[in-house]
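No lab work stands behind these numbers, since they all come straight from the coordinates. Bear in mind the structure is a predicted one, so any value in this text is a computation, not a measurement. For neighbour counting, all protein chains shown are included, and Cβ atoms are generated from backbone atoms with ideal geometry for every residue, glycine included.
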Amino acid sequence: MKVIEFQGGKVVILDQTLLPNETKYIECSDIECVCEAIKSLRVRGAPAIGAAAAFGMALTAVENAGKGRGEILEALRDTKEKLKETRPTAVNLEWAVERVYRAAKASKKPDEAALKEALRIYDEAVESDNKIGEYGAELITDGDVILTHCNAGGLATCGIGTALGVIKTAARKGKKIEVFADETRPLLQGARLTAYELVNEGIPVNVITDNAAAFAMKNMGITKVVVGADRIAANGDTANKIGTYGVAVLAKEHGIPFYVAAPLSTIDRDTATGDEIPIEFRDASEIIFFNEKRVVADGAGIKSPAFDVTPHKYITGIITERGVLKPPFDKSIKQAFEK
Ligand code: MRU
């Protein structure tokens, strides 16, 4: 199942808000549609957001093909800014639009260059998932019981996934694995998407409520935690779905290794520490209503941070397409980029 595609001059997006009950694609022929799809999480997960934003740039390039070079670049700049306003935390979005813009600017035919670069970003995302899967699978042992948070699977990337890519690759190599998926309130990416992907892959998965993670670690044999990332600072501090920080602290307390799986496009070396990572706050309605029913007492305030930052001291290793980075992360991250 393709999560996103650039087809016939349109951006075709699998609407993940409807999963697991309905498989429906939307076709975006203007940038407003792509921005809406990113904002409302029809397409979500750091690498997939990056690909969606790159295709948004490609859409503008194709729309403006035939115009003068200056005009095309101006339209691309405009689109780039619109896309950057959609979701602030996953650095892949900013990284992808800047990369497409740079490629267009460096070319005599900016429209063609933008489309080519966007397609390259997509292909690279697929390829890096495969490598992350291979490196990560070496860390997994037969009989592991792995806890994950949110969805860092193929739905969140363009390939087999990052955290789930590690799990799927290990399982495909014959290792027996059981997964615990945190349901991931408020939008249930774990219950709806991670469980869906793993069931389809034939990997045993148990969904637990977010607040059952401590119980599961103490009493249900969790041996490893593997999660994805939205932005990793130069020192290894990692932003991921809200609740990840708590899971990391719990893992430390229980002596359970805590791994982050992410491509280098998720590492932001211009951000020194996690304190500088912008955190998205979501609309109150996502918490007030559950299944379209009001569940919060009228008059109560709502705070809805969508991500938190796990300090690097809780992270055992960062699984990338260039190998597993170990602490001290400031050094290993630098080395990975120099490879
Ligand atoms: O709000 P979401 O669903 O976009 O959040 C997604 C996550 O937090 C993922 O864990 C992260 O993007 C990694 S995806 C490989």
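Quick one: helix 329-338 against the long Cα principal axis of the chain, what's the angle to the nearest 10°, folded into 0 to 90? Compared with the principal axis, the helix lies near 40 degrees. By how many degrees, 0 to 90 and rounded to 10, does the Cα axis of helix 69-84 deviate from the longest principal axis of the chain? Relative to the chain, helix 69-84 is tipped by roughly 30 degrees.
Using Cβ-Cβ distances only, list the Cys residues of the chain with no partner cysteine under 4.7 Å, sorted by number. Cys with no partner Cβ under 4.7 Å: Cys35, Cys150, Cys158.
From least to most packed, judged by other beta carbons within 10 angstrom and beginning with the fewest, His254, His312 follow the order His254, His312. Of the peptides 24-35, 130-141, the order by per-residue mean of other Cβ atoms within 10 Å, starting with the highest, comes out as 130-141, 24-35. DSSP assigns beta bridges within the chain; of those with both partners inside it, close to 55 percent run antiparallel.
What does the extension gain come out to for Asp142 and Glu71, with contour length at 0.36 nm per residue minus their alpha carbon separation?
Working: separation 71, 0.36 × 71 = 25.56 nm, distance 5.70 nm.
Taking Asp142 through Glu71 to full extension adds about 19.9 nm, to one decimal.
Where only DSSP H runs of four or more residues are counted, the chain gives -12500 deg cm²/dmol as its mean residue ellipticity at 222 nm, each run worth -39500 (n - 2.57).
For the range 216-255, list residues with backbone N below 15 Å from a point placed 7 Å from the Cα of Lys331 toward its Cβ? Inside the label zone: 235-236.
So which of Lys176/Lys326; Lys67/Lys116; Lys2/Lys105 end up more than 23 Å apart by C-alpha? Write out the running numbers ahead of the final one.
Details: Lys176/Lys326 25 Å; Lys67/Lys116 18 Å; Lys2/Lys105 30 Å.
Distance filter (> 23 Å) returns Lys176/Lys326; Lys2/Lys105.
Farthest towards the positive end of the charge dipole of the range 4-129, among the residues Leu14, Thr86, Ser40, is the Cα of Thr86, using unit charges on the Cβ of Lys, Arg, Asp and Glu. The long axis of helix 110-137 is offset from the longest Cα principal axis of the chain by roughly 10 degrees. Using the basic label-point model (7 angstrom from Cα toward the beta carbon), what is the Lys173 to Asn291 distance in nanometres? Going by the 7 Å Cα→Cβ label model, 4.1 nm.
How large is the charge dipole for the chain, taken about the Cα centre, if only the Cβ atoms of Lys, Arg (+1) and Asp, Glu (-1) carry charge, to the nearest 20 debye? Spell out each step's value before the answer.
Working: 44 positive and 48 negative charges, 123 e Å.
Value, rounded to 20: 600 debye.
Listed cross-link partners Lys131/Lys175; Lys252/Lys303; Lys39/Lys82 are compared with a 22 Å cut-off, the Cα-Cα value being larger for Lys252/Lys303.
Applying Stokes-Einstein at 37 °C and 0.692 mPa s to the Kirkwood radius of the chain, computed over alpha-carbon pairs, gives a translational diffusion coefficient of 163 µm² s⁻¹.
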